[in-house]
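The values are calculated or read from the model by the stated rules, or taken from the named source; none is laboratory data. Just so we're clear, the structure is a prediction, and the values are computed from it rather than from any experiment. Please note: Cβ atoms are built from the backbone with ideal geometry, for glycine as well, and neighbour counts cover all protein chains shown.
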Amino acid sequence: MDFNELIRTRRSVRKYKDIKIDDELLNEIVKAGLLAPTSKNLKSSEVIIVTDKGTIKKLAKARINSQAFTETAAAILVVIADKEKTSAYIEDASNTAMLMLLEAENLGLGACWIQLLGRTGINDLDSNQYVKDILNVPTNYDAVLMIDLGYKDMDPRAYTDSDINMERLHREEF
Ligand SMILES: Cc1cc2nc3c(=O)[nH]c(=O)nc-3n(C[C@H](O)[C@H](O)[C@H](O)COP(=O)(O)O)c2cc1C
């Protein structure tokens, strides 16, 4: 897909069809994320692919109520980052996530970023720690976010330039 079209058609998708995603597609998406730029090229970000229905159900409780659609995801890509490698680990994780969102759209899948750091889930548990416990993530990592993935069961309209608030653009100084 043309890049300008891709960045306009990528939208958060929060309803998915009950269709399995081929491993090949999942790998392509994660490969895009692992090619993202990282601070000092230290590559602090890593990705855990989750397709097991039972685990997805548990991950859906990482955030309270509002993220119930996570349960319908065919796969979840959990983006973790080694906070001992660099102070810019959140930025590294974010870049990895962004490229995976774009690749997912490019391959015809829907996706949604679910924030974990600084959020709470079931029983008021810290979302990051809750996910780390489920997935056996070592203590030096944070589970920064997860990406719900699936074949789209909703079709948000693509952005056009009229959606861009040009007041956010500054030239030379604020
Ligand atoms: C840092 C960040 C955190 C987000 N966290 C969530 C989240 O926890 N749950 C959710 O449904 N969407 C989340 N989103 C998706 C945003 O709500 C969404 O990108 C925004 O509303 C714009 O919509 P669009 O993605 O369709 O352009 C997050 C996005 C970002 C960049």
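Please enumerate the residues belonging to the range 4-24 that are away from the ligand (no atom under 16 Å from the Cβ) and surrounded by fewer than 18 Cβ atoms within 10 Å (Cβ to Cβ). Spell out the reasoning first.
Kept after step one, since they are away from the ligand (no atom under 16 Å from the Cβ), are these residues of the range 4-24: 17-24.
Result: Lys17, Asp18, Ile19, Lys20, Asp22, Asp23, Glu24.
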| query | Given Leu169, Leu117, Leu149, which one is modelled with pLDDT of 95 or more and in contact with a Gly (Cβ under 8 Å, 6 or more places away or on another chain)? | reply | Leu149
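Restricting the search to the range 124-134, which residues are surrounded by fewer than 18 Cβ atoms within 10 Å (Cβ to Cβ), assigned to a helix (DSSP H, G or I) and in contact with a helix residue (DSSP H, G or I) (Cβ under 9 Å, 6 or more places away or on another chain)?
Applying the first criterion (surrounded by fewer than 18 Cβ atoms within 10 Å (Cβ to Cβ)) to the range 124-134 yields 124-126, 129, 133-134.
Narrowing further to those that are assigned to a helix (DSSP H, G or I): 124, 129, 133-134.
Result: Ile134, single match.
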| All but one of (1) buried (at least 18 other Cβ atoms within 10 Å of the Cβ); (2) within 11 Å of the ligand (Cβ to nearest atom); (3) assigned to a loop (DSSP other than H, G, I, E, B) hold for Leu145; which doesn't? | (3)
| said: When you scan the range 39-52, do you find a residue that is within 16 Å of Asp133 (Cα to Cα), buried (at least 18 other Cβ atoms within 10 Å of the Cβ) and not hydrophobic (A, V, I, L, M, F, W, C), even just one? | reply: no
| query | If you check Asn27 against the conditions, is it surrounded by fewer than 21 Cβ atoms within 10 Å (Cβ to Cβ), modelled with pLDDT under 95 and either over 16 Å from the mean Cα position of the chain (by Cα) or under 25 Å from Ile134 (Cβ atoms) (or both)? | reply | no
| task | Residues being within 14 Å of the ligand (Cβ to nearest atom), small (Gly, Ala, Ser) and surrounded by 18 or more Cβ atoms within 10 Å (Cβ to Cβ): count how many of those fall in the range 63-80. | result | 1
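Look at Ala93 and say whether it is touching a residue at least 40 places away in the same chain (Cβ under 8 Å), closer than 20 Å to Pro138 by Cβ and crowded, with 20+ Cβ neighbours inside 10 Å. Spell out how you get there, then give the answer.
Values: touching a residue at least 40 places away in the same chain (Cβ under 8 Å): yes; closer than 20 Å to Pro138 by Cβ: yes; crowded, with 20+ Cβ neighbours inside 10 Å: yes.
Against the criterion (touching a residue at least 40 places away in the same chain (Cβ under 8 Å), closer than 20 Å to Pro138 by Cβ and crowded, with 20+ Cβ neighbours inside 10 Å), Ala93 qualifies.
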